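Remarks on the structure that follows.
The values are calculated or read from the model by the stated rules, or taken from the named source; none is laboratory data. Just so it is clear, the model here is predicted, and its values are computed rather than measured. Counting neighbours? That spans all protein chains shown, and the Cβs are built from the backbone with ideal geometry, glycine included.
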Amino acid sequence: YGGLELPALDSIKVLEQLAYADASVGWCGMIFCTTAHLGSFLPEAWGEKIFGVTGQAGTYDCPLAVGAAAPMGRGQVVDGGIRVSGRWPWGSGSHHANWICGGTVVEEKGELIRNPGGDPTVHVMFFEKSQVTLHDNWNPSGLRGTGSVDFEVKDQLVPEGRWTMLGTSRRQIDSPLFRFPFFGYFAAAVAAIPLGIARRAVDDFDALARGKIPSAKQNTLSKSSITQLEFGRAESLVEAAHTYLYCKVDEVWKMVSNGEKISLEEKRQLRLAAAQSTIMCADAVDLLYKAAGGTALQGDCSLQKHFRDIHAATQHRMVSPELLRLSAAARLTDDATVAQL
């Protein structure tokens, strides 16, 4: 619909760079990027209306969509569409968005619409910004600039077709970006944010250590053998995380570009890389935060912000340590619960 359709790895690089500059900016960029991915499931007319880029080159009216897929909404099939009410948390970037999505379970003739497995089908509804109320309730320890407030709709009509059904809708656009597994892309995009935060923390600690002379010491923190050891551990963790995630994203991208079908094993490996790289980045920031000593407690020390931001990012379910267990279950037991890998 006029967008760049950047290769997945290029998108991850951009998000990492944004997070390096500011974690909240990177996070909102990630939400815009991944929500737009859902546009490939929409009927063409709605995809064009919601995500179509207008304006001359250099003056684009760039559409921005955000939302939460958790099925906190309740819908009822009516003439012309589905009427929805619900309230969702985690509306990152919603203040800047044109469209806001909300996961919804839907009733038709008194019965919930269900998928072939028997579970309620999650419809991801696209609401116009004017249909949504934003609640000013975002007061977290980290990623404070994301504005991840609750959003709510009350008895709003979503016209016919302006939704996707997770696990049921078929893609309407056949290109490498949209053949890339959605949940794998989502997880990798989330993982790009801790990568950017951790890389910035490494650079900021370098500058701090060169200038700080600890109490009762004659040399700077940078000359301490213990500091050097911890810094080496932290830097190597970040580099390992970077290489691991980028390698797996690139592998899957080459496969979808060649028209190859992505197996459960490739999906599993991609999700494993996203979760483990996030863990390594958080561990690296923890090492640097501790090594900075009391300086890291001060409000003007960037390391305390990196510490708070990265531990906010690690709470996202796409990169939760639980994914390590799910990934292992997929390999060791063929557990069917990993269908969303």
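For the stretch 82-112, a residue qualifies if it is closer than 18 Å to Ala65 by Cβ and of a type in the set (Gly, Ala, Ser), and the qualifying residues are Gly86, Gly91, Ser92, Gly93, Ser94, Ala97, Gly102, Gly103.
Among the conditions (1) hydrophobic (A, V, I, L, M, F, W, C); (2) in the same structural domain as Val77 (by TED's automatic domain parsing); (3) modelled with pLDDT under 95, Met125 misses just one, which is (3).
Yes/no per residue for (1) of a type outside the set (S, T, N, Q); (2) modelled with pLDDT of 95 or more; (3) more than 30 Å from Ser85 (Cα to Cα):
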position: Gln156; (1), (2), (3): no, yes, no
position: Trp163; (1), (2), (3): yes, yes, no
position: Gly167; (1), (2), (3): yes, no, no
position: Asp174; (1), (2), (3): yes, no, yes
position: Arg200; (1), (2), (3): yes, yes, yes
position: Arg210; (1), (2), (3): yes, yes, yes
position: Thr220; (1), (2), (3): no, yes, yes
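Against the numbered list (1) in a helix (DSSP H, G or I); (2) of a type outside the set (Ser, Thr, Tyr); (3) more than 19 Å from His123 (Cα to Cα), Asp174 comes up short only at (1).
Residues checked against (1) in the same structural domain as Ala192 (by TED's automatic domain parsing); (2) surrounded by 14 or more Cβ atoms within 10 Å (Cβ to Cβ); (3) not in a loop (DSSP other than H, G, I, E, B):
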{"site": "Ile213", "(1), (2), (3)": "yes, no, no"}
{"site": "Asn219", "(1), (2), (3)": "yes, no, no"}
{"site": "Leu229", "(1), (2), (3)": "yes, no, yes"}
{"site": "Gln276", "(1), (2), (3)": "yes, yes, yes"}
{"site": "Lys290", "(1), (2), (3)": "yes, no, yes"}
{"site": "Gly294", "(1), (2), (3)": "yes, no, yes"}
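Sub-6 Å Cβ pairs linking a first residue in the stretch 177-206 that is in contact (Cβ under 8 Å) with a residue 24 or more places away in the chain to a second residue that is of a type in the set (Phe, Trp, Tyr), at least 6 apart or interchain, are Ile193/Trp27; Gly196/Tyr20; Arg199/Tyr20; Arg200/Tyr20, ordered by first then second residue. Here the condition is being of a type in the set (Val, Ile, Thr), closer than 18 Å to Val190 by Cβ and in contact (Cβ under 8 Å) with a residue 40 or more places away in the chain; of Val14, Val25, it holds for Val25 alone.
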